[in-house]
Amino acid sequence: MIECIDVTKVYNQGDQELRAVNAVSCAVNRGEFVAIMGPSGSGKSTLLQLIGCLDLPTSGEVRVNGQRTRDLTDDHLTLLRRKYIGFIFQFFNLLPSLTAVENVALPLILNGVANKEAQAQARSLLQLVELGQRLEHKPTQMSGGQMQRVALARALAADPPILLGDEPTGNLDSRTSRDIMALLRHLAKEQGRTVLVVSHDPRVAEVSDRILTMIDGCISVNETPDQKEG
């Protein structure tokens, strides 16, 4: 589902050149749960943005479902994101004036789904993430874990085959973090979605199929959790 071939991303800061991602090659298969770990500034989030079609590499190739992102126009990149990729962030980015159902239904409505059908799909997705008892609650009436479940349901609204998470447990306590990770693993193993998560949280590594460790813009280690323990 995802392939990076010798991907490099360079930012120019005055006379200085910053290689945020440096000649990275990796692949993530359908239904695989992969964690990207590493210290702050190692290039994890930049790589995720390149894979998520939020940015383009300076050189090399990113392929999503076989499509080379550098070959696509901005409009086609937008369509690729909408069809194939769901995003989950550390900060939930929910609209405070809307209920859980309305937050999840909104992207569906913006994509042309009739309001009644969008609401029905939103309710079903909130049941999937075990938040059926908070359908009509607004973000201010929910805990951090509940808000992240709403954000996850919203990411699933377009039924994307790929889920990308940037520190999705960063604002959650340890128990809630485990619950969210269990949900993501379920989506990978039971629904065949490809899940790629950037995190500092060791609990993410524990439930992943593989761990990519980044240092100074490069993937220094590609291992399974069992190899890491060994």
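The values are calculated or read from the model by the stated rules, or taken from the named source; none is laboratory data. Note that the structure is predicted; figures quoted are calculated from it, not measured. Cβ sites come from the backbone with ideal geometry, for glycine too, and all protein chains shown count toward neighbours. Accessible surface is based on the protein model in full, side chains and every heavy atom, while ligands, DNA and RNA are left aside. Shrake-Rupley method; radii C 1.70, N 1.55, O 1.52, S 1.80 Å.
Rolling a 1.4 Å probe over the protein heavy atoms of region 86-187, with every protein chain left in place, gives an accessible area that is 52 percent carbon and sulfur. Evaluated with a Cβ-only charge set (Lys, Arg +1; Asp, Glu -1), the chain carries a dipole of roughly 600 debye about its Cα centre, given to the nearest 20. Rounded to the nearest 10 degrees, the angle from helix 74-84 to the longest Cα principal axis of the chain is 60 degrees. Identify which of the listed values of Rg and Dmax of the Cα atoms in Å was calculated from the structure shown: [x] 17.7, 55; [y] 18.5, 58; [z] 16.5, 46. For Rg and Dmax of the Cα atoms in Å, the calculated option is [x]. Centroid-to-centroid, using Cα positions, region 23-97 and region 152-219 are 13 Å apart.
Legend: residues 68, 82, sorted from most to least accessible area (1.4 Å probe; ligands, DNA and RNA excluded), read 82, 68. The angle between the Cα long axis of helix 115-128 and the longest principal axis of the Cα atoms of the chain comes to about 70 degrees, rounded to the nearest 10. GNM on the chain, C-alpha springs below 10 Å: top fluctuator among 173, 55, 209? Most flexible of the set in this elastic network: 173. Ligands, DNA and RNA excluded, the heavy atoms of residue 130 present near 120 Å² of accessible surface to a 1.4 Å solvent probe. For the chain, the longest principal axis of the alpha carbon atoms and the long axis of helix 144-155 meet at an angle near 80°.
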